[in-house]
Amino acid sequence: MAVALILVLVVVGSILFHILSPWWWSPIASNWGYIDQTLIITFWITGAVFSAVVLFMAYCVFRFRHREGIKADYNPENKKLESWLTAVTAVGVAAMLAPGLYVWSQFITVPDDATEVEVVGQQWQWNYRLPGEDGRLGKSDNRLVTYENPLGIDPDDPYGQDDVVIEAADLHLPIDKPVKMLLRSIDVLHDFYVPEFRAKMDMVPGTVTYFWFTPTRTGTFEVLCAELCGTGHGYMRGIVMVDTEEDYQAWLDGQTTFARLSAPPKVGAMDAVEP
């Protein structure tokens, strides 16, 4: 009897903790409310299954408890029960998978008007690259990474000369404009994650992954690495600021292009004279 009561209390306590818990997701700041809805559907389904299984265990413990003179009935197979369990399980799994597949289809279908922004992860900082006036990013290659060229931009590609390079600094994005985030790592596995945007993806050395989203709220949001990437993993943080169009353009005008960063320093006549 005590065990059955404990099992019932576990179910009741779990439901109350979920309803009354002060811990919940951070307020969303992107178009991916579908992801929140999918998670809530999953919570409802798994919560219902958890409650049903535990309450059934409590019923069995109470109903079939030991009593003098009562002998258990050995029934190794029950085709009717197995059929019901198989059907209910299949429906439950399909109900959890269908919303996720729908969201995934949208997640990988990038709008035609999305602006490309490259995110480059390295131990242990975030670097970014934005297209210049030509509206497209130049080629890049990890084999071209040097101290002077930290993002490995191809110096022979004319499209890369006006690319805006942001090294270990804040990234700014305009509000209400779709952005395709191109993710690249130059050393180990990383994962670019901003909780308020809900979108995230692993960054795999040697390949380029991506996701897209539309910022829907101005503000300052923290970037986290969601993939264990070494001893400095916990300190691999950054800032993404979502601005109004005017503030974004003002920030963008103050950034440096790849051509300016790679240009040889000018030496004056006085600098060439040795003391």
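The values are calculated or read from the model by the stated rules, or taken from the named source; none is laboratory data. Since this is a predicted model, take the numbers as computed values, not measurements. Reconstructed Cβ throughout: ideal geometry from the backbone, glycine too, with neighbour counts over all protein chains shown. The area values use the complete protein model at the heavy-atom level, side chains included, leaving out ligands, DNA and RNA. Shrake-Rupley method; radii C 1.70, N 1.55, O 1.52, S 1.80 Å.
Among residues that are among the hydrophobic types (A, V, I, L, M, F, W, C), loosely packed, with under 13 Cβ neighbours inside 10 Å and either part of a loop (DSSP other than H, G, I, E, B) or touching a Ser or Thr at 6+ places or on another chain (Cβ under 7 Å) (or both), ALA72 is included. Is it the case, given these coordinates, that VAL240 is part of a strand (DSSP E or B), touching a Ser or Thr at 6+ places or on another chain (Cβ under 7 Å) and not aromatic (Phe, Trp, Tyr)? When the stated conditions are applied, VAL240 does not pass them. Filtering segment 151-161 to residues that are farther than 20 Å from VAL110 by Cβ and either open to solvent by 10 Å² or more (accessible area, probe 1.4 Å) or part of a strand (DSSP E or B) (or both) leaves ILE153, ASP154, PRO155, ASP156, ASP157, PRO158, GLN161.
Only residues that are closer than 24 Å to TRP32 by Cα and out of contact with any helix residue (DSSP H, G or I) (no Cβ under 7 Å at 6 or more places or on another chain) were counted in segment 225-246, giving 10. Could you please find all residues in segment 214-237 being open to solvent by 30 Å² or more (accessible area, probe 1.4 Å), over 24 Å from PRO174 (Cβ atoms) and outside any loop (DSSP other than H, G, I, E, B)? Result: HIS233, GLY234, TYR235. Within segment 257-273, does at least one residue satisfy the condition of being open to solvent by 50 Å² or more (accessible area, probe 1.4 Å) and modelled with pLDDT of 90 or more? No - not one qualifying residue is present in segment 257-273. Out of curiosity, is SER105 among the small types (Gly, Ala, Ser), more than 30 Å from the chain's Cα centre (by Cα), surrounded by fewer than 14 Cβ atoms within 10 Å (Cβ to Cβ) and not in a loop (DSSP other than H, G, I, E, B)? Answer is no for this residue. Comparison of GLU148, GLU133, GLU196 shows that the only residue that is of a type in the set (D, E, K, R), within 14 Å of the chain's Cα centre (by Cα) and not in a strand (DSSP E or B) is GLU196.
Of all residues in segment 162-213, those being out of contact with any helix residue (DSSP H, G or I) (no Cβ under 8 Å at 6 or more places or on another chain), β-branched (Val, Ile, Thr) and surrounded by 18 or more Cβ atoms within 10 Å (Cβ to Cβ) number 3.
The residue of segment 7-35 that is farthest from HIS66 (Cα to Cα), among those that are in contact (Cβ under 8 Å) with a residue 24 or more places away in the chain and either open to solvent by 60 Å² or more (accessible area, probe 1.4 Å) or outside the structural domain of LEU55 (by TED's automatic domain parsing) (or both), is PRO27.
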